[in-house]
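Visitor: I'd like to ask you about the structure that follows.
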């Protein structure tokens, strides 16, 4: 049995980490090793790891706080940290079903690919319990089978395309760099940019063998006035699927692929009854060489104004990444290599 590496970024969530590790210990595939990257100065995860008394679980506290985005990104090194043949990232709030590792390895080897994208159940964390929602993260947008980078990128018109918790790869065969670096200033950008960095076919497994956790939040009717104004400001900036960073990504997709990406995304929109979303996304990048069927003229004018304001009022947070993708991939590798060197001397940057 070849070694499977499990990278577990965590921060001040010992109870959720305990659940994630319990699901790992129960795997039917026994030859794995896990690294818990603890980003908390209080090191709450250390006791959790110790309680398992399992020498396959390694505890590695960060020298300085990296922040959630960088801690997760560090875990996405395509190559092995421990010499493992296979690798994946298990975020501390998610958990696995017993055959997750075994079936993903089987899929990699059977389909002769470097990356598998595994579907995930969506669970709602509510008052300490994980409540099934009956939904999955990618079941609507992928069917069982192999997907080219072009097909993966076409789905960026609708969502993040890939998902962190569903990626499982062969460290010796993968050709894509899965680390996105400091450009991912918000969590949704991480998966969007990671999808953009996919440079090889991946295989989608429709059967969910892991759980993505959403968190229940009660509605707050006593929201302070300043928070309401901030929320309205954020609405102009846009939800993740319609915001300034996504505008830049979609414009870059069209510049890269031309009308082919528009046609493929239109096909997906029609199949899944998402034409209004698709047409709004075209308007967000001012793409007008299209026969709009779902939006009327008044809606088109309104969206063009809203998205135009967003374009001119907000700075593009992904400009460097999108204009220098190839050099950015190299920069990301260099950045984390430098961080590893610094960590050995206790000088790792907290920026």
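The values are calculated or read from the model by the stated rules, or taken from the named source; none is laboratory data. As the structure is a computational prediction, the values presented were derived from the model and not from experiment. Cβ: placed from backbone, ideal geometry, glycine included. Neighbour counts: every protein chain shown.
Visitor: Quick check: is even one residue across segment 298-307 out of contact with any strand residue (DSSP E or B) (no Cβ under 8 Å at 6 or more places or on another chain), assigned by TED's automatic domain parsing to the domain that holds residue 258 and touching a residue at least 24 places away in the same chain (Cβ under 8 Å)?
Guide: yes
Visitor: May I pose another question? In segment 267-286, what count of residues is obtained for those that are in contact with a helix residue (DSSP H, G or I) (Cβ under 9 Å, 6 or more places away or on another chain), more than 19 Å from residue 297 (Cα to Cα) and touching a residue at least 24 places away in the same chain (Cβ under 8 Å)?
Guide: Restricting attention to segment 267-286, the residues satisfying the condition of being in contact with a helix residue (DSSP H, G or I) (Cβ under 9 Å, 6 or more places away or on another chain) are 267-270, 274-286.
Those left that are additionally more than 19 Å from residue 297 (Cα to Cα): 267-270.
Add one more test, that the residue is touching a residue at least 24 places away in the same chain (Cβ under 8 Å), and what stays is 268-269.
Final tally of qualifying residues: 2.
Visitor: Sticking with this one: Going by the conditions given, is residue 26 modelled with pLDDT under 95, closer than 29 Å to residue 132 by Cα and more than 19 Å from the chain's Cα centre (by Cα)?
Guide: no
Visitor: Okay, next question. I'd like the full set of residues that are exposed (fewer than 12 other Cβ atoms within 10 Å of the Cβ) and in a helix (DSSP H, G or I), limited to segment 282-308.
Guide: If the condition is that a residue be exposed (fewer than 12 other Cβ atoms within 10 Å of the Cβ) and in a helix (DSSP H, G or I), then 297, 298, 305 are the ones that fit.
Visitor: Filtering segment 230-258 down to residues that are closer than 16 Å to residue 282 by Cβ and outside any helix (DSSP H, G or I), which residue is modelled with the lowest pLDDT?
Guide: Here the answer is 238.
Visitor: Further, regarding this structure: Would you point out which residue out of 28, 23, 50, 40 is touching a residue at least 24 places away in the same chain (Cβ under 8 Å), exposed (fewer than 14 other Cβ atoms within 10 Å of the Cβ) and not in a strand (DSSP E or B)?
Guide: Result of the check over 28, 23, 50, 40: 28.
Visitor: Run residue 88 past the list (1) touching a residue at least 60 places away in the same chain (Cβ under 8 Å); (2) part of a strand (DSSP E or B); (3) farther than 19 Å from residue 8 by Cβ and report the number of the one that doesn't hold.
Guide: That leaves (3) as the condition not met.
Visitor: Condition (residue is closer than 26 Å to residue 281 by Cα and in contact with a helix residue (DSSP H, G or I) (Cβ under 9 Å, 6 or more places away or on another chain)) applied to segment 124-134: is it met by at least one residue?
Guide: No; the residues of segment 124-134 include none that is closer than 26 Å to residue 281 by Cα and in contact with a helix residue (DSSP H, G or I) (Cβ under 9 Å, 6 or more places away or on another chain).
Visitor: Out of segment 1-13, which residues are free of Cβ contacts under 8 Å to residues at least 60 places away in the same chain and more than 22 Å from the chain's Cα centre (by Cα)?
Guide: First, the residues of segment 1-13 that are free of Cβ contacts under 8 Å to residues at least 60 places away in the same chain: 1, 12.
Result: 1, single match.
Visitor: Further, regarding this structure: Being within 15 Å of residue 248 (Cα to Cα) and touching a helix residue (DSSP H, G or I) at 6+ places or on another chain (Cβ under 9 Å) is the filter here, so list the residues in segment 305-314 that pass it.
Guide: Those that are within 15 Å of residue 248 (Cα to Cα) and touching a helix residue (DSSP H, G or I) at 6+ places or on another chain (Cβ under 9 Å): 307, 309, 310, 311, 313, 314.
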